Structures are given as C-alpha cells and as structure tokens.
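What follows is one structure encoded as structure tokens, with my remarks underneath.
The values are calculated or read from the model by the stated rules, or taken from the named source; none is laboratory data. Not measured: the values here are computed from a predicted model. Note: ideal-geometry Cβ built from the backbone for every residue, glycine included; neighbour counts use all protein chains shown. Ligands, DNA and RNA are stripped out before the accessible areas are found, and what is left, the full protein with its side chains, is counted by its heavy atoms. Shrake-Rupley method; radii C 1.70, N 1.55, O 1.52, S 1.80 Å.
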Amino acid sequence: MLSKYASMLKRLITVNESVLDEQFTLLDDESDTSYDEDGNKRGPEVIDFDTDENKTQTAKRPVSMRQFIRRGAALYNEAVRKAHVGQDDDLPVSIDQMKARLERFFHLPQNKDVVIREFSVGVHAKQPWRGLAVFVDGLADKTVINHDILERLMLFTQFIDDEPRRNMEYIQEKILTSNQTAMLEKWSEVIQAILAGSTVVLLDGCNGALSVETKGWEHRSVSIPQTESVVRGAHDAFTENFRTNTGLIRSRFRSEHLVTEIYSVGNLASTDVAIMYVHGMTNPKLVREVRRRIEAIDVDYIDSPGVLEQFIEDEPRMIIPQVLSTERPDRVAASLAEGYVAIVVGNNPFVLIAPVVLYSLIHTSEDANLRFYAGTFIRGLRWISLFIACLLPALYVAVTNYHPEMLPTDLMLAIAGSREQVPFPVIVEVLLMEFAIELIREAGIRIPSVIGPTIGIVGALIIGQAAVQAGIVSPLLVIVVATTALAGFAIPNYELSMAVRISRFVFLLAGAFLGFYGVAILLCVSVVRLSMQKSFGVPILSPIAPTKASAKDVLIRGPVYSMNLRPSFLHPLRSWRQQPVTRPWSAPTGKRAGRKGNDQA
Amino acid sequence: MKNQEGKASVAGRELTALMILVVATNAFLIYPQYVSQSAYEAAWMEPIVSGALTLVLFYFVEWLMRKYYPQLDIVEVSKEVFGRVIAALLAMLFAAYFICTTAMVVREFTENVIMTVLPATPILLVGAVFMGAVGYIAYAGLEGISRTAYIFLPILLIGLVGVCVATMNWWHPAMLLPFWGTGIPRVLTGSLEYSSVFSNVLLLTIIYKHAHNPRQMRRIGSVSVTVSTLLLCLLIITYHMVFPAVESEQVSFALYRLARLIYLGPFFQRLESVFIFLWVTAATVKMAVTLWCSAYLLGKAFGWPTYRPGIPILALLSWSIAMWADSWVQVVDLDGRYLLRWGWTVVFVLPIVVLLLGVVGRAFKGSTGEPGERRRRRRGITHA
C-alpha cells in the first residue's frame, strides 16, 4: 500500500519519458509484411507488400536527373509488376486452386467486400458439381445474382454432357438469362470483371470463367445541372455513373457513326475512360492524338476528369483550361456534331470536350436556343463581364492612384470625400475587400446547406454596411468589388472563372505599381501567351488569331440557318453541316447562304 | 513556345496587321514633328508620297522575290550572291539598324510614359518593364507577334481615328493653308528623307518565306501601306488643323497633345491616360518586330540553330543603347538626324541593291536550275 502511494507520488513529481514511447509512430515496416492484427505472425498467404518503392530512400549521394528518372521508373514498374503477379496466368482446372488464387488476389479473409459463394450445380445430379460465384458486395445486384444465377444453376440445371467446358457453354447459352455474358480465360480478366460489378461463375474442372453482368451499385439519378443552368434548354445533367453518362450522350446524338472507345486507366485501381467521336466526321488525327495521350497515362489511380485533364493537356501550367469540362449532355452532343471529341472519365458527373478555344469557354448551350439577337446580347454581356472581372479593380486603383485627372471633377471629389475616413492606401483597401469576397465565395461552397442563407446575410453585412461604417473601405469601392464579383459569376465556365479570379490579383498589382501602363503591359504579355497556346494542336485563340474562316459563332451568335460550316480549326472530314440554303421557302432569308468566308474554308 | 521559328507560317491578315502596326506606330513618335518641320502645312502630303514610293518599291521587290528567290530571305539571298562573310556583314548592318530602332523607340516611349502618366517613376523601371515585355513577345516568335498584332489592330484603328474625331471641336481647316506648305521641292525631299518609317520593303525581304501564302504578299503590301499611310495622314491633318504648323514642329508627341484637348462634356475629358493602352500595345508590337528581326537576321547570318537565346541579349543591348543619351532632346535629335533621315538607305536601297546584284550576277553566271540551288547544293539539302 505504501509502495503504491510512493509510486503515485513519484509519477506526480517526476517525468517518465517512457510514456511518450507508448504512442504509435509510423515508420518503415522492416520486418512485418502482413496486414493481420497480430502482424508478426504470418498467415497462410505470403504476400510481399514490402516493395522497394515504399522504402524511404536513404542514399544521400546526388544523382543526375536522368538517373533519378530511370531509377524511379524501374521502381514503379517493379511495384506494378508485383501487384499483378499471377494475373496473366490462365485459369486452373481445379476449383480448390481457383478459390485459393481468388483468396490471394483479393486478400481474403481480411477483405470482407468480396464474396465467394460456393454451390453445387443441379439438384438431381448424381454427384455434386462444385462451383463458385464471385462478386463484390455493394457493386453487384443481389437480386439478379439470387434469381438469375444461383437459383437457375442450383435448381434448374441438368447436364446432358460430362465435358465441363461444353457444360459451361451450355450454361452460357441456355441457362443464364442475363443480357451480357462473356467467357474469360485469364485471371486479369476475371479480376477486372469482378471489380466492375459483374459476377463470375467458376465450375470445377473447367478452365474458363463465365462473367455475368450484374452491375447494381447505388448512384444518384439524373438531375438538373448544378453549375450550368439555363432558362431555355435541357435540364438534365450527367451523374455518377459511367454508362448512364455515355447513354445520355447517345440518347441525344442518335447516330450509328458515334463511336465509344473504352480504355482502362490506372495500375492499382482502374478507371474506365471513354473517347467518343463521330466516325467519318471528326478529324482522325485528333482522335488518334486523344487516344495517344490517354494511353500514355501510367499512374496508379485516376478518379476524375479534373485529374485526367492535367495529364493530357498541352500545357498544364497554363492558367486557362485547355479542355472544356461540362455536365450537360446536350452540350457534349452539340460538340460531337461539330467535330470535337468527348472524354468520359469513370463515374463522374463531368465530361471533357477537346480541343477547346477560348471563345467556347464563354459560350453556353442556351445561346443556340435563343434568337440570334438575344444570343449575341447575352454573349456580349459575358465578354464584358470577363473584362470587368479581370480588370475593374486594377483600373480603379490605377485611376485613383495615377490618373485622377481623367475623372469628372464631381466624381473625383466624391471619391476623395468617400476615402477621407479610410486610413489605408487604395491597394490595401481593395485587397481587403477582394480577400473578403473570396472568403465569402469559398465559404459559400463549403458551408452546410442548412445555414447557407446565413452566409449571404453575413457577407452583405460585413461588406455592405459594417466595413463602410467602420471606415475600413470607401462606399464606392464596395460597388466596384461587388460589380467585379457579379461579373465573375457571369462567366459560364468554372475553370475560366478561377483563372480570372487569380489574374485579377496580378492585374491589381500591376495597376497599383504602374497604373494603366502596368495594366497595358500585362495585357500585352497575356495576349501573346494566349496566342501561342494550343489545345490538342488547335491554337486557343482560333479562329481569330490565327485567322480562320468561321461561322458567326465566335464573339457573337449568328442566325442558325446561315451557319453552314463546321469550325475550320478542327479540320473536320465533313465541313458542311447543312445545305447552303436552308430556308428556300422564305423570301427574306431564302437566298442567304452563309458568309462568303465560310465557303472559302 | 519552343522551336516555333523553324516552322513559322503566318496568315495574310496577320501579316497585314503586323505591317500596319509597325508603320502606323510612328504616329506616336517624332515622325509628325519632323514632317511638320519639313513641309509645314503640307506635312500631311509627305506620308502619301512616301507611301506611294513604298508601294512601288514593295511591288518591285515582291516581284523579284517571287521570281528569283522564293523560299529565301534577305540573308540567304546575300549568302547566295556574296558568300557567307559579306552576307554576315550585311545581316549585322540590318540587325544594327533594327537594334537602334528598338533602342530609340523604347527611349521615346519611356520618356512619353514618364512625361504623361508616371512622372515620379524612375526611367530605369519603366524602361525595364517595357523591354521585358518586348523581349517576351519577341521570344514568342513571328507567329505570336503577328497574332498579337492582329488582336491589337482594332485598338490602334479605333484609338487613332477616335483621337482625331474627338478633337473635332478644335479643328480649324484654314490652318492647312497655304496648300503646298514650304513648297513642292521641300515636300518631295522630306518625303524621301523620312520615308524610312515605311519599313515594309525590308520586312518583306525578311518575312517573305514565312507567309502562309506568298501569293498574297502583293495584297498584304497594298493594304498595309495604304492603311498606314491613311492613318499617318489623318493624324497629321488633324494635328495641323488643331495646332498651327509653326507650333507643331516643336512638339515631339503629337498624339498626346491632341488627346489632352479632348473635351466632350464633363464626363469625357482629359482622356490622354486612356490612350496609353493604344501607345503601349502598338509600341510593344513594333519593338517586338524589330527585336525579332535583329535576332533572326543574326541567327541566320551566323548559322545559329535557334535565334531565341539571342533575344534577351539583344533586348539588353537595345535598352543599354536607349539609356545612352542624356536627355529626351538628345534622343529626338539623334533619331531625327540619323535613323529617320538616313534610314531609307537601309530600308529601301540596301535590300534592292542586294536583290538586283543577285539577279545580275545570276544572269552573268548563266546559272541554270532553280533559284537558291547553289546554297542548297552547298548545304546538301533539297527543298520540297
């Protein structure tokens, strides 16, 4: 008892460093290569996960870049090879061997997602014929498995032949009623089929596997677009299902010439990537280039189009996107009809369109549905918005700092009066406000939807009222910043909007340091940079710089009946999209055959 | 932007815009001042005479290039005519002219910027920013420059015409009289002396092979010379209708003086700051062209695999030369006395002499086969 109290007292007045050692610290796993809870005891399966790539490099000797790349590539290739050991083998004949292999590939019994259901084929068979149904719980539709696979095989199957292979073919042709089945020979095919949501049936004595399509995981149904809403136009958007998305495109673009090529990207976990184009119309060189860039991706995992586009863009360091990301099937269908290529990436509600020109980032699918006056008007509004969002704060700072003489005297006095109470320089004032706006914008996206409306009230109070009353900013600046923010929201493409948000600060600094002169210089440099940028071989400022013959669908929106030709910068195989005279019955417009320039393309 | 120079191919409209910008930018420089000194009230005639002369020479040179030297530039022609050494010397002469032009323009524009909008900013900072931007644009190559020129051309056209029209309430057409100014002989000699602003002929001999369609060259020359002549003429007429000839000969920045006068009510007045977008964009493109030309010519003359590494060096050299003069007055004097007055020898005479000597030499040697064959034989390459 005494010693107990002595121990307690000692712990109170002394520091025991061994307490710190009890905390877990993640270090290299030198001895243990198992994921079991009692890690040092090896289980029945010996799997070498301790690959070289996971070890921390201890060599300090500097190496050349070429050596570094070569060594990295060798390590990566070795790791990929180890992760796929045995997957190129053919299937064995024995069901026990099959099961052992499956348990090894899917790391059973730790892995609880993969289900291996053992059963016997046929009720009245003289000797039970063992089989396996393998699927991933949560990916496969259990109703289909129960009724269309297991029930039919276990209760309604009776073989007339002793040859297992022939019986397997009999099952495929006569027993299973699934709409898609395939006979697989290799383990890699079996694994991919299981991971894609199919159920694989294996039978004893047969060195083939039957893949039955049973995809049935949960996903969001088709709903309205979140970022590309329109008043007049379709209201459906892509969803988190690969096949639904390709189906949505095909349902709009009903052509036998629409081709969907599907590739698998990712060494550790594969993602389906589809290239869609119109055969006989889209430039084959463009299709080959898209295919080449996607096939060149050699990574462990790609999930989203946003990641994939960084691997296939011409210049990913550029601030402007070089592929168009959209969630609207009608926009993809219209682009396919023009000669673009669509890229669908996995289960993701955004589809990429390549190549892209700067002007198409300002267009919306609504433009085509409106009369060309209205289409041109709203397009013009967006162009003005683009310049306001990019330049207005910079011009405000430049005018107030360097060029006040160009303001009317009354306005100049008003600005000076409103700034009288403000203790900061204009640039600090603008940066504070811009920072607040960006904060509200970012918080508005992350904030839980139940308190979403609050952000508007808080933002309005902070920016509109409190900041002015506190004398931190001038009232005129509130108008400038609010107009800039509104203009930013009017830009239809999210990535372009992000680019403008960042550019705005650069222009702001240029305006603060050198006034209009700095802004003009930066504008020149930006235009040159843009004019040299390409997207899949197409200059991003086409068809204006370089000049190409084009329909009136660049800065303005022309009448649909006079836009006869497809964009020449895509070099499509079919340049005419309609008859030269599309309204022969109409006296005022019947003779109109599009621009002369179109015909020279 | 890597290695674009070897395959640069520029469309006709972009080349037209580039040539217009290169020539019309002189409206912001000392050209109006010098033609005013030369011809007084008839100063507006000088760009017309110079433009007409340029057009004739342009057609002649274009014919020579098309007939005798397709797919060649002036350095390659010089190599064929005189050999590598003299060709290199000629290229250095042309490059020196372009470097000096760049230096003068950067200094004049820098002084203009400081005088008008940034009076408290150090000239070194303003010049460095300018030269950095010019170097970057020149680095982009001919394609980048010409595309930029095409995008900025509307700004130049709208701006120049705008500044002329917006000063309408100050116009006094009677100030254009007497009609012949200092007299016809002075007008003609002034037109010849200051015709170097029309550098289309020299540019033609450099960029001919980069034209997407060389058959359009005649059209490109016609449009560019005509439009730039009209722009210069319009500005000088307006300038002389607003300011008396005696006064206008003493002011070196005509456009700024005109822009300062704009008063279209209390909300549209003192717009000279807005026109800085016009000056800067036009000047940047012009200097990028001259800088690119100098680097390109030197690269060709000395067989550099690429001219691009030369761009920063030449930009720095131009800037150093630009900062050499002590004052703005000295810059104007140097430019007027040497570059503007004697530039026509480099811009017109030298390229034409080289081309003609080549034609004559070929006739004497009785050369057979396709033009440029000797050079290609020596290099052991065959053009498609």
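Computed on protein heavy atoms with a 1.4 Å probe, the accessible areas place B:His240, B:His212 in the order B:His212, B:His240, largest first. Between segment A:61-123 and segment B:183-206, what is the separation of their alpha carbon centroids in Å? One Cα centre to the other: 79 Å.
When the Cα positions of A:Gln533, A:Gln421, A:Gly518 are compared along the charge dipole of segment A:370-539, A:Gln533 comes out farthest toward the positive end, with charges on each C-beta of Lys, Arg, Asp and Glu. Considering only the Cα atoms of segment A:155-276, their convex hull presents on average a projected area of 11.1 nm².
Along its principal axes, segment B:154-305 has C-alpha extents of 57, 43, 29 angstrom, given from the largest down.
For segment B:308-341, chymotrypsin sites (Phe, Trp or Tyr not before Pro) are listed when DSSP marks them as loop and at most 15 other Cβ atoms sit within 10 Å of their Cβ; the list is B:Trp324. Ranking B:Ser9, B:Ser199 by solvent-accessible area of protein heavy atoms (1.4 Å probe, all protein chains present), from largest to smallest, gives B:Ser9, B:Ser199.
Projection of the Cα convex hull of segment B:5-379, averaged over all directions and equal to a quarter of that hull's surface, yields 18.2 nm². Our analysis of chain A gives Rg over Rh at 1.07, with the two radii drawn from alpha carbon positions and Rh computed by the Kirkwood formula. Compute the acute angle (0 to 90°) between the alpha-carbon long axis of helix B:276-301 and the principal axis of greatest extent of the alpha-carbon atoms of chain B; round to the nearest 10°. The angle comes out near 20 degrees. Counting pairwise Cα distances across segment A:197-244, what percent come out greater than 11 angstrom? So the pairs more than 11 Å apart make up 76 percent of the total in segment A:197-244.
Positive-end ranking of B:Val85, B:Val75, B:Trp44 along the dipole of segment B:42-88, with charges on Cβ about the Cα centre, is headed by B:Val85. Binning all Cα-Cα separations of segment A:95-212 at 10 Å, short to long from zero, yields these whole-percent fractions: 14, 51, 31, 4. Under a model in which nothing but the beta-carbon of Lys, Arg (+1) and Asp, Glu (-1) is charged, segment B:5-379 shows a dipole of about 1620 debye around its Cα centre.
Enter the angle in degrees (range 0 to 90, nearest 10) between the Cα long axis of helix B:45-68 and the first principal axis of the Cα atoms of chain B, meaning the one along which they spread out most. Result, in degrees: 10. Shown here are the Rg and Dmax of the Cα trace of segment A:370-539, at 17.7, 54 Å. For segment B:132-196, run through the chymotrypsin sites (Phe, Trp or Tyr not before Pro) and keep only the ones in DSSP coil with at most 14 other Cβ atoms within 10 Å of their Cβ. Counting only loop positions with at most 14 other Cβ atoms within 10 Å, the chymotrypsin sites (Phe, Trp or Tyr not before Pro) in segment B:132-196 are B:Phe179. The alpha carbons of segment A:303-419 stretch over 58, 38, 21 Å along the principal axes, in descending order. Give A:Lys112/A:Lys215; A:Lys285/B:Lys300; A:Lys548/B:Lys300; A:Lys82/A:Lys186 a once-over and call out the pairs whose C-alpha atoms are over 26 Å from each other. Checking Cα-Cα distances, A:Lys285/B:Lys300; A:Lys548/B:Lys300 exceed 26 Å. Enclosing the Cα atoms of segment A:470-542 in their convex hull gives a volume equal to 114 cubic angstrom per residue. Accessible area of B:Leu356 (1.4 Å probe, protein heavy atoms only, ligands and nucleic acids ignored): about 70 Å². When chymotrypsin sites (Phe, Trp or Tyr not before Pro) are flagged only if DSSP places them in a loop and at most 14 other Cβ atoms lie within 10 Å, the longest unflagged stretch of chain A comes out as A:302-584. Ranking B:Met175, B:Asn200, B:Ile151 by Cα position along the charge dipole of segment B:66-215, where only Lys, Arg, Asp and Glu carry charges on their C-beta atoms, puts B:Asn200 farthest toward the positive end.
Note on segment A:242-356: Rg/Rh from Cα positions, Kirkwood definition for Rh, rounded to two decimals, is 0.93. For the pair segment A:161-201 / segment B:229-252, the C-alpha centres are spaced 89 Å from each other. Go ahead and set up a Gaussian network model of chain B, Cα springs under 10 Å, then flag whichever of B:Phe198, B:Phe58, B:Phe302 fluctuates most. The residue with the greatest mean-square fluctuation here is B:Phe302.
Here the protein assembly as shown is assigned +1 on the Cβ of each Lys and Arg and -1 on the Cβ of each Asp and Glu. Its dipole about the Cα centre then comes out at about 4040 debye. For segment B:308-366, the Stokes-Einstein estimate of translational diffusion at 4 °C and a viscosity of 1.567 mPa s comes to 89 µm²/s, using the Kirkwood hydrodynamic radius over alpha-carbon pairs. The separation of segment A:378-406 from segment A:472-502, counted between C-alpha centres, amounts to 11 Å.
When you filter the trypsin sites (Lys or Arg not before Pro) in segment A:106-155 for DSSP loop state and at most 14 other Cβ atoms inside 10 Å of their Cβ, you are left with A:Lys112, A:Lys126.
Rounded to the nearest 20 debye, the dipole magnitude of segment B:27-149 is 280 debye, with +1 charges on Lys and Arg beta carbons, -1 on Asp and Glu beta carbons, and the Cα centre as origin. Take each residue in B:137-149, count the other chain C-beta atoms within 10 Å of its C-beta, and the mean is 5. Here the relative contact order of segment A:95-212, from alpha carbon pairs under 8 Å that lie six or more residues apart, stands at 28 percent.
Which helices, counted as full DSSP H runs in chain A, have an axial Cα extent of no less than 20 Å and a Kyte-Doolittle average of 0.5 or above? Once both thresholds are applied, what remains is A:372-401, A:426-446, A:475-490, A:494-532. When the Cα gyration tensor is reduced to axis lengths a ≥ b ≥ c, the ratio a/c is 1.5 or higher for segment B:1-140, and with a/b not above b/c it is classed as oblate.
Going by accessible surface with a 1.4 Å probe and the largest first, B:Arg218, B:Arg270 read B:Arg218, B:Arg270. Estimated purely from DSSP H runs of n ≥ 4, each contributing -39500 (n - 2.57), the mean residue ellipticity at 222 nm for the protein assembly as shown is -16000 deg cm²/dmol once divided by its residues.
Which value results when the Cα radius of gyration for segment B:131-213 is divided by 2.2 N^0.38 Å? Dividing the Cα Rg of segment B:131-213 by 2.2 N^0.38 Å gives 1.60. What angle do you read, to the nearest 10 degrees and between 0 and 90, between the alpha-carbon axis of helix B:84-116 and the longest principal axis of chain B? Roughly 20 degrees, rounded to the nearest 10.
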